Amino acid sequence: MNFKYFEYVENEEINFGAGVGDFITILGEKNQEIIDNLMYKTPNENITINYAKINNKTIDKLRKLVAFSTFSMLETYLAETVKDELAYSLESLAIPKHEMMERIESISIIMGLTRLLEKSPKSLSDSAKVKLSIACCLIAKPRILVIDNMLSLLDENDKEKVYKALKQYTKNNGIILNFTTEIEETLLGTDIIILDKTKILLSGKTMSVLNEEKLMKRLGYNLPFIIQLNKYLKDYELIRNYNLSYESLVNSIWI
């Protein structure tokens with residue numbers, strides 16, 4: 001399938017789309033319901049892929065295109081070792097064994113799992129379990145990756161590896177839907193969607209949404225700390241442009 005875009009339409013008030021390369025952060029009260037619909041836990045026709053609605057007859061298309069890394073499945077394992085858990089993600093795709101081993105080696109290096117391959121998934125730290133969960137998705141090369149409240153569990157040493165892998169995935173024409181309660185994670189993505197139970201309250205490109213400071217506060221969200229710091233420094237004319245990394249922010253102050 002020549003994959004181009006994905007669309008979620010529940011009603012006139014809750015609908016959004018995503019094209020290849022998009023990394024959308026979704027915050028709000030309706031997150032779990034949307035995730036359940038994406039998982040097709042109950043029959044629905046909310047999902048459209050390349051003009052084709054997903055239903056009971058076409059659900060196999062969705063399952064081949066979408067991978068899920070969710071907090072609710074963090075302790076669910078199908079194999080006794082990390083290596084076998086990664087392999088399990090490929091077995092249903094009928095990947096040749098030599099390619100399977102190449103993919104396992106590659107994703108293990110990217111995600112920092114090489115030294116953990118012979119360990120039991122249950123013995124890993126929470127941060128390593130998140131890396132494994134996301135690696136099990138990425139190794140299968142899905143077109144859409146759904147993440148549900150996982151990234152906040154990463155420790156500082158793992159964040160850089162995972163964030164780099166996710167950004168590379170979108171550069172390779174993947175789509176990420178990151179459902180979260182952490183406002184800091186919005187800085188990873190290209191777009192933000194904020195919902196309540198009945199409608200989308202605010203949506204748009206990441207910096208455009210974060211510039212709606214008064215509206216964000218009315219909705220109960222503080223700005224990410226580095227954005228607040230940028231605004232403070234701009235008010236005092238210490239910087240001219242936003243810097244979304246602390247290193248670039250420090251460098252801009254001293255230029």
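The values are calculated or read from the model by the stated rules, or taken from the named source; none is laboratory data. Given the structure is predicted, the values throughout are model-derived calculations rather than measurements. Quick reminder, even Gly has a Cβ in these numbers, built from the backbone with ideal geometry, and neighbours come from all protein chains shown. Note: accessible area is taken over every heavy atom of the protein model, side chains too, but ligands, DNA and RNA are not part of it. Shrake-Rupley method; radii C 1.70, N 1.55, O 1.52, S 1.80 Å.
Helical runs (DSSP H, four residues minimum) scored at -39500 (n - 2.57) apiece and divided by the length of the chain put the mean residue ellipticity at 222 nm at -11500 deg cm²/dmol. Tell me which of Ile95, Phe225, Asn251 sits at the most positive position along the dipole axis of the chain, charges placed on C-beta atoms (Lys, Arg +1; Asp, Glu -1). Result: Ile95. Here the accessible area of the chain is 50 percent carbon and sulfur, with a 1.4 angstrom probe and all protein chains present. Using a Gaussian network model of the chain in which every pair of alpha carbons under 10 angstrom is joined by a spring, one finds that among Thr186, Thr81, Thr25 the greatest mean-square fluctuation is at Thr81. Compactness of the range 32-144 was expressed as the Cα radius of gyration divided by 2.2 N^0.38 Å, which yields 1.15. The ellipsoid equivalent to the alpha-carbon distribution of the range 128-198 has semi-axes of 19, 15, 12 angstrom, derived from the gyration tensor eigenvalues as √(5λ) and listed largest first.
Assign one of three labels to the range 1-52, namely rounded, prolate or oblate, based on the Cα gyration tensor with a ≥ b ≥ c the square roots of its eigenvalues; rounded applies when a/c is under 1.5, prolate when it is not and a/b is larger than b/c, and oblate otherwise. Walk me through the numbers on the way to the answer.
Working: a/c = 1.74, a/b = 1.27, b/c = 1.37.
Because a/c hits 1.5 or more and a/b fails to exceed b/c, the range 1-52 counts as oblate.
Taken over the alpha carbons of the range 72-117 as equal point scatterers, the Debye sum produces base-10 log I(q)/I(0) values at 0.19, 0.29 Å⁻¹ of -0.61, -1.13.
Mind checking the per residue accessible area of the chain for me, 1.4 Å probe, whole number of Å²? Provide the component values of the computation, followed by the final result.
On the way: 14020 Å² over 255 residues.
Per residue, the chain has an accessible area of 55 Å².
If you wrap a convex hull around the C-alpha atoms of the chain and split its volume per residue, what is the figure in Å³? Before the final figure, lay out each step's value.
Working: hull volume 36.2 nm³, N = 255.
Convex hull of Cα atoms, per residue: 142 Å³.
For the range 157-254, the gyration tensor built on C-alpha atoms gives an oblate shape. Its axis ratio a/c (a ≥ b ≥ c) is at least 1.5, and a/b is not larger than b/c. With the convex hull of the Cα atoms taken as the outline of the range 93-132, the averaged projected area works out to 3.2 nm².
Extent along the principal axes, Cα only, for the range 98-218: 51, 29, 25 Å, with the longest axis given first.
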